Amino acid sequence: MWNNEEQEKILAVAEKYKSYFEEWDADIAIARKGPNFFYVLDTEAECFDVFSPFETAEDLETLIVGSIASGIDTYLFSGMEEKMMVFHEDMVNDVYDNYYPEASVRCLLSHMKVLAEQNATWAGLMEKTYHSLACFCSKVEEE
């Protein structure tokens, strides 16, 4: 049922993480009856990344911080996985067992390309994460 005090706390949490909502395609839906919802859209895949009910402000804050952690963890895992696939492929092809200068240069360039692509993705994620937590962190420093 409608609880004005809890709704105010929920709105305070949303304000606390205002920068998060500005950086990500995320929002909350506060219901007059039934559960409230926190959601994060994946606009590229045209689906919800997160769609979760919550009841309290504390629940909402847990969902927000959890989605940030999950996003970073997912990018870390996919980046490492892609890097390892390229490095493993080169090892399977015996590039390291035989010394061929041209092959070594091609191998290095291949590895550097993967690293550069992943670092660009990682830099974008870190920038969004930084901006989404900047307001919150500055408020914590003031306390």
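What follows draws every value from the coordinates through simple rules; no lab data is involved. Predicted model only: the values in this text are computed from it and were never measured. Neighbour counts run over all protein chains shown; Cβ positions are idealised from the backbone, glycine included.
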Check your understanding: Residues in region 16-28: is at least one in contact with a strand residue (DSSP E or B) (Cβ under 7 Å, 6 or more places away or on another chain), of a type in the set (A, V, I, L, M) and over 13 Å from Leu133 (Cα atoms)?
Key -> yes
Practice item. Determine if region 56-70 includes at least one residue that is within 21 Å of Ala134 (Cβ to Cβ), touching a helix residue (DSSP H, G or I) at 6+ places or on another chain (Cβ under 9 Å) and not hydrophobic (A, V, I, L, M, F, W, C). Key: yes
Review point. List the pairs whose first member sits in region 61-82 and is more than 25 Å from Glu15 (Cα to Cα), whose second member is in a helix (DSSP H, G or I) and of a type outside the set (Ser, Thr, Tyr), and whose Cβ atoms are under 7 Å apart, counting only residues at least 6 apart or on separate chains?
Key: Tyr75/Trp122; Tyr75/Leu125; Gly79/Gln118; Gly79/Trp122; Glu82/Val114; Glu82/Gln118
Practice item. Consider only pairs whose beta carbons are under 6 Å apart and that are at least six residues apart or on different chains; among these, list those whose first residue lies in region 32-56 and is closer than 17 Å to Glu8 by Cα and whose second residue is among the aromatic types (Phe, Trp, Tyr) and surrounded by fewer than 16 Cβ atoms within 10 Å (Cβ to Cβ). Key: Arg32/Trp2
Exercise for review: Test each condition in (1) farther than 15 Å from Gln7 by Cβ; (2) surrounded by 18 or more Cβ atoms within 10 Å (Cβ to Cβ); (3) touching a Leu at 6+ places or on another chain (Cβ under 7 Å) for Asp25 and report the one that comes out false.
Suggested key: (2)
